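Some notes on the structure that comes next.
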Amino acid sequence: MAMLPDGTYDVVVVDADTDERGDVRIEVTITLGPHVGRVVPLRRPHLDSRRALGPTADPLSLLGLPGTLRVRNGVPVLTVEQA
């Protein structure tokens, strides 16, 4: 799947897990604009760790939370809004 064009996207976390190596994997879906409904897979390097997921947090705690996906120079960074 091709990455999104550079820009800012409103998203919701639709899947989150830790794989057998301990890497965090998250999927978000875009909620507004021309890419609405598109699912974007991400891994820990693409998370704003200050606000998305701390080093010991359970990734399942992010399910259903809204966030912002910013893509700059093809590199996505997810910031999740904490309740």
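Computed values, structure above
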item: Filter result (farther than 10 Å from Val13 by Cβ and part of a loop (DSSP other than H, G, I, E, B)) within segment 65-80; result: Asn73, Gly74
item: Enumeration of residues in segment 14-27 that are among the hydrophobic types (A, V, I, L, M, F, W, C) and either exposed (fewer than 14 other Cβ atoms within 10 Å of the Cβ) or at pLDDT 95 or above (or both); result: Val14
item: Pair list, Cβ < 8 Å and 6+ apart or interchain, from segment 29-43 residues that are under 10 Å from Leu4 (Cα atoms) to residues that are among the β-branched types (Val, Ile, Thr); result: Arg38/Thr29; Arg38/Ile30; Val40/Val11; Val40/Val28; Val40/Thr29; Val40/Ile30
item: Pair list, Cβ < 6 Å and 6+ apart or interchain, from segment 64-75 residues that are in contact (Cβ under 8 Å) with a residue 24 or more places away in the chain and at negative phi to residues that are surrounded by 15 or more Cβ atoms within 10 Å (Cβ to Cβ) and of a type in the set (Phe, Trp, Tyr); result: Leu69/Tyr9
item: The one condition in (1) of a type in the set (Gly, Ala, Ser); (2) at pLDDT 85 or above; (3) surrounded by 13 or more Cβ atoms within 10 Å (Cβ to Cβ) that Gly7 fails to fulfil; result: (3)
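The values are calculated or read from the model by the stated rules, or taken from the named source; none is laboratory data. The structure displayed is predicted, hence computed values, not measured ones. Here the Cβ is made from the backbone with ideal geometry for all residues, glycine too, and neighbour counts use every protein chain on show.
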